[in-house]
Each structure stands twice: as C-alpha cells, then as structure tokens.
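Below is one structure, written out as structure tokens; comments come after it.
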Amino acid sequence: MVHGESTVFAVSELNALVRELLEDQFAEVAVEGETSNVRVHASGHVYFRLKDASASLSAVCFRSDARLLDFDLSDGQRVVARGRLTIYEVQGSYQLVARAIEPAGRGDLERAFRLLVSKLDQEGLFDEARKRPLPRYPRTIAVVTSPTGAAVRDIFSTLARRFPCVEVVFAPVQVQGERAPFEIVRALDALNDHDVDVVILGRGGGSIEDLWAFNDESVARAIHRSRAPVVSAVGHETDVTIADFVADRRAATPTMAAEIVVPEREDVARRLDAYAEKSRARMTARVGLEKRRVAELVRSYALGQVRGRVERGMQSLDFALERVQRALVSAALARRAALDTAGARLAALDPREVLRRGYAVCHDESGAHLVRGAHEAAAAGRMRVTFHDGVVAAAVEGMEIPSAKEAAS
Amino acid sequence: MKEKPNPIPPAGDDAPSFEEAMTRLERIVADLEGGRYTLEESLQRFEEGIALGNQCRRMLERADLRVRTLVEAGDRLVVSDPTETPDEEPRA
C-alpha cells in the first residue's frame, strides 16, 4: 500500500486503513507488563492497562474470555497477555484484545514442574509397584486439607453419608501460600506417629499458583514416606499435580476421594445378608445330610446294636438344628435393629421363615422361658408352642427318654 | 510388621475392627462352603459367623462420624479428643 503525499484521507478512512494494517500485522501477539486500571464492566468485559517503566497500552478482555481466566485480575500484577491488536476507531487509539492472560513467571513454574517431575520419576517416587492398596474397610481416616474450603465439607459429608462408622483424624492445614508446604509436610509426618489406615490429602480447585503447594518437592517426599496409603484429591479433574503422581491413588475431586476410601454402607449390608444366607443354606443342607446318614444307620444295622449311637446322633442333630435356629434368630434380631436405625431393606432372615418350614418354638406357660428339651417340657407340664401362624397351649402327657445318660452328651 | 507407637483406640474397645470381622466372616463362609469340617466344627463356625455378622451390623449402624483434630502442642502435633464420644479418652 503506497499513499502519496497528495492523498488526503477522511479521519474515519485513515483509522479504518490503519486498523486493517494493524489487525493484519498483529493478529497474534504476546505482551508482558504490569496491570493497572483494571475495571470489570457490567457487561462482563474487563478493561485494563498494561504498562512497563516507560510506556503503557490499553487492553480489553471480553466476557467470554474473561470467564475462562483461572485467577482474579487485579491492579499491579505482572502478566503475559496474548491476543490481537485493533483500533478503537472512535478515538483512534489502539488496544490489545486479550484472549488469554496468565501471571508472568508461569512459564518458569512449568519448567520447574517438568524438572521436578523427571527428577522424582528417576528416583522412583512414581513407581506403580510401590503404590499400596487401600484398606477395604478403614477404621481411621486422616483428612489433610484446609479447615475452611469446600473440600473438607465435601469429604466429611461423603464419609458420613456412605460409611459413618469410621473415625476421622482431621489435620487442618493451609493449602496455598508460602506456609502451605511446611504445614502439609508437618501434618503428614505427624500422622506417621498415629494409627491411621488411609490419608486423604487435598483441596478444591484453583489456579496453577493456588495449587502450587502440591507441586512442592518436600510435599512429594512426605507423601512418599507416609506409613498409611495416601489418596490425593487436588483441584478439579483436569488439575494434575506432583502430589497426584506420588500418591497411592489419585481422586479427581475431594468428594471422589471419600468415595474411593470407604464403601457404601448399603452394599456392605447386602454382602452381610448374602453371607448369612449362604451359611444358613449350607448348615441346613449339612444337618439334613447327617439326618439321612443316621436314618441309613437305623436301616442297615440291627437297632439294638447301634441304639445308643443312633439316639446320640438324633439328639445331637436336633440340638444342631436348634443351634442353627438360635443363631439365625439372633441374626434376625440384629438385622431388625439395623433396619430400624439405618432404614434398610426388609429382613431376609425373619424368624418366621424358619417357623414356616415346619419348626415350632416352645416356651413355658408364662412365655418367659424357652423350653429346650424333653426334661424341661416334662418339668414345665404346660407349654406355649409357637408356630408360624399362631400359638397353641399344650399339655405334656408323657416323656420318652431312651437313655438319660447318653442324651446328656 | 508396622510398629504402632501411638495407637488411636478402636471404635469398640478391644472389639475386632470391621475389616478384621469381615475378613474372618469371609473365611468362615468359605470354610462352610468347603464342607471339610465335622458337624460340630461347622456349627461352631456357623455360630461364630452369625455373631460376626451381627457385630458388623451393629458397627454399620453407628450414625455419626467420630472426628478428632490434629492440634499443636508445643512443637508437635497431637490428636485431640473425639468430638462425638467425649466419654472416651485417647490412650496416648
């Protein structure tokens, strides 16, 4: 573009021309300077000036880009702003339209980060092989985080909701600022003197600078020498720190750390149900098998020869069944109590289920004492017999005890 | 073995931890399924299993988190008393 001296422009023409030039030549530019006159307009656009010792320029960061800034822009910050140049034609002044702004020195932070990562990596601090498994059901959980952030609230409420039968040792620490690495290291080391099963170390989201304590070498080493496995939960899903690399497990958020560390109470209750049912089925089958075996004996030998054995066998099997039932009733009662407080599902081990299979429970007339055998029944004289569908009063008319001595085994 | 210089008392006196109770219970269920015990041995295991299950349920019932805090005591950090059960003293 060549313009002879004879060409006379209108102001708006000239501004438009310069604008074209400027936008063409400086479509992508990065400039470092100190912020001043930072103003957030009601529209959300942020206006500010960038200056150094001898010069300044005006800059704007539009709302859609300002929203993405991971730190609060304020006066007196050294920043690197990236964007394009344009002209505000009304005034003929040029300005920087900043698309991205970051604190100056972030490049240095990133270099330091990469250096430390490779150093610790070579030392083996990130080795998968040295990562410890987490306890399935921890008894004591240490929580190392800020006492004021959302993280501590999220962790506590998640633990309380999922599995409140744990003890928490809370280590309040600063999670950002100069003192943060010292406090985190001191807390982690102090926890080594206590009997904790797992440690949650974390904080909520923030800028790279806010999270920097979790990239500190001393923090990495304290995690490494922690006696209990450490679950890191630093920032949001996309924030990755050195603490995450060293930790035995990394959680994307503090809430998820708590979810990793404890099981869901309802799942555990269901597992307990399954174990009880499995055992019951096993024992019932087992006693049935033994009964058939005794019946076999009766058939295959002259009764007189094995009379004692058969009687002992029958007695002990009845006793065995009684024990199975007693244990199941206790389980059903415990379950009932758990249901009342935890509001869980209905009992699978209802004692009525046992009665429904043809068994009955005998109490003395007062109903206060269980009648456990023929002798007790004879002594009681009258009994209350509980079936699955009701209770009958019964009178004992006689007793057949084959051999009292053998029965007492 | 890890040495445990300053143990925090378990939730229920000397009761086994939930993890210990669950692990033992799982062993028992496996033993019962294996079926290589006498009737009497099986019964004993069954009864122990049911008792362990009851114990686990009671532990699951506990509604409130017990929280202790690491606090500064001179130049070191110690664990404070629990907030939920003030009647229980730390053994330290």
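Since every read-out is calculated from the coordinates, none of them should be taken as a lab result. Keep in mind that this is a model prediction, so the values were computed, not measured. Backbone-built Cβ (ideal geometry, glycine too); neighbour counts: all protein chains shown.
I'd like to know if region A:171-178 contains one or more residues that are under 16 Å from B:L77 (Cβ atoms), aliphatic (A, V, I, L, M) and assigned to a helix (DSSP H, G or I). No, because not a single residue in region A:171-178 is under 16 Å from B:L77 (Cβ atoms), aliphatic (A, V, I, L, M) and assigned to a helix (DSSP H, G or I).
Taking the criterion of being facing chain A (nearest Cβ under 7 Å), surrounded by fewer than 13 Cβ atoms within 10 Å (Cβ to Cβ) and of a type in the set (A, V, I, L, M), the only residue of region B:61-74 that qualifies is B:A63. From the list A:R67, A:R84, the one residue that fits, being free of Cβ contacts under 8 Å to residues at least 60 places away in the same chain and among the basic types (K, R), is A:R67.
Looking at (1) more than 14 Å from every other protein chain (Cβ to nearest Cβ); (2) of a type outside the set (V, I, T); (3) not in a strand (DSSP E or B), which is the only condition A:L96 fails? Here A:L96 meets the rest and fails (3). In the condition set (1) closer than 30 Å to B:E33 by Cβ; (2) crowded, with 20+ Cβ neighbours inside 10 Å, A:T284 is compliant with all but (2). Restricting the first member to region A:249-268 and to residues that are touching a residue at least 12 places away in the same chain (Cβ under 8 Å) and within 14 Å of chain B (Cβ to nearest Cβ), and the second to residues that are assigned to a helix (DSSP H, G or I) and of a type in the set (D, E), the beta-carbon pairs closer than 9 Å and six or more apart or on different chains are A:A258/A:D154.
Counting only residues that are among the charged types (D, E, K, R) and over 30 Å from B:A21 (Cβ atoms), region A:102-150 holds 11 of them. Considering the conditions (1) within 11 Å of another protein chain (Cβ to nearest Cβ); (2) surrounded by 20 or more Cβ atoms within 10 Å (Cβ to Cβ), A:A151 is excluded by exactly one of them, (1). Exactly one residue out of A:S157, A:S74 is in a helix (DSSP H, G or I) and among the hydroxyl-bearing types (S, T, Y), and it is A:S157.
Return the residues of region A:27-55 that are in contact with a Lys or Arg (Cβ under 6 Å, 6 or more places away or on another chain) and either surrounded by 14 or more Cβ atoms within 10 Å (Cβ to Cβ) or touching a residue at least 40 places away in the same chain (Cβ under 8 Å) (or both); say none if nothing qualifies. Within region A:27-55, A:A27, A:A30, A:G33, A:E34, A:S36, A:H45, A:Y47 qualify.
Close contacts from region A:283-295, counting a first residue that is within 20 Å of A:R326 (Cα to Cα) and within 9 Å of chain B (Cβ to nearest Cβ) and a second that is among the hydroxyl-bearing types (S, T, Y) and not in a helix (DSSP H, G or I), with Cβ to Cβ under 9 Å and a gap of 6+ residues or different chains, come to none at all.
Scanning region A:173-193 for residues that are closer than 11 Å to A:T145 by Cβ and at the interface with chain B (Cβ under 7 Å from one of its Cβ atoms) yields a single hit, A:A187. Against the test of being surrounded by fewer than 19 Cβ atoms within 10 Å (Cβ to Cβ), part of a helix (DSSP H, G or I) and in contact (Cβ under 8 Å) with a residue 12 or more places away in the chain, the options B:R24, B:R45, B:R58 yield a single qualifying residue, B:R24.
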